[in-house]
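Okay, so here's the structure we're looking at.
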Amino acid sequence: MNVIEKLKYHQENELEEWINNNEKDSRKFLKELVNYSKTNLDEIRQYCINTIPSEFSSLSIIYEAFSEYSVEFNEFLFEEIKRVVNLAKKKRIKAEYLEILTEIETEDIYTKTEDIYIDIMDFLTLNLSLQNDPKFNIELLDVISWYLIELDEDDEISESKTWFNRITELANHADSNVKIKAREVLKEAGITSSLNPLSFIDKIKGIFK
């Protein structure tokens, strides 16, 4: 089987064999996928477009390969992030399927292509809104939390203030579950200023979350 056929195979059996692969075999295919994509990226792009994210999807294999074994496809990964987020926002897929984006490791995206990392975080935080379905906001906040990496001490990204302001907006004004999730993300990032006190109801919901 060629690379595309292998991806289709894993897609059809919902990653059962992939999950049970030993690490050596998995790593071998991830590197094979990267090498194949260097000359066949349009084919991989079309495969992704034709694959709707689900709980067990071969998209996760592509995202892992591209983010862990190459820096050549960071712009492509950004395209996929936009595609998947828009599918969830338009309710063409379940909000929880945004979790597939956590297969993308952002450390190398930040260190090797900081401009793309900034574009990704701008896009994700811009899609947070008080008007969104609460489930979408919560799942998107999970992705954002995964992507927020520890910035170099000598590399102050001015845009990060905007990202945290957008999250703070939800932490202060969204419904209880979103508010609590947003505060968790801010706390993990060491941002606790500008937060309004939680109401009694919010605190109760937080206890039983």
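What to note about this one:
- Here the accessible area of the chain is 46 percent carbon and sulfur, with a 1.4 angstrom probe and all protein chains present.
- Hydrodynamic radius of segment 11-124 per Kirkwood, over alpha carbon pairs, in Å: 14.6
- Relative contact order (percent, whole number), the chain, Cα cutoff 8 Å, 6+ residue spacing: 15
- Highest-MSF residue in the chain out of Ile19, Ile144, Ile167 [GNM, Cα springs under 10 Å]: Ile19
- Taking each residue as 0.36 nm, the span from Glu16 to Glu156 lengthens on full extension beyond its C-alpha to C-alpha distance by 46.1 nm.
- C-alpha long axis of helix 159-173 to longest principal axis of the chain, angle in °: 60
- Surface per residue (accessible, 1.4 Å probe) for the chain, Å²: 55
- Over 32 Å between alpha carbons, listed pairs Lys28/Lys90; Lys91/Lys187; Lys38/Lys181; Lys90/Lys187; Lys28/Lys82: Lys28/Lys90; Lys38/Lys181
The values are calculated or read from the model by the stated rules, or taken from the named source; none is laboratory data. None of the values given here were measured: they were computed from a predicted structure. What goes into the accessible areas is simple: the full protein's heavy atoms, side chains included, and nothing from ligands, DNA or RNA. Shrake-Rupley method; radii C 1.70, N 1.55, O 1.52, S 1.80 Å.
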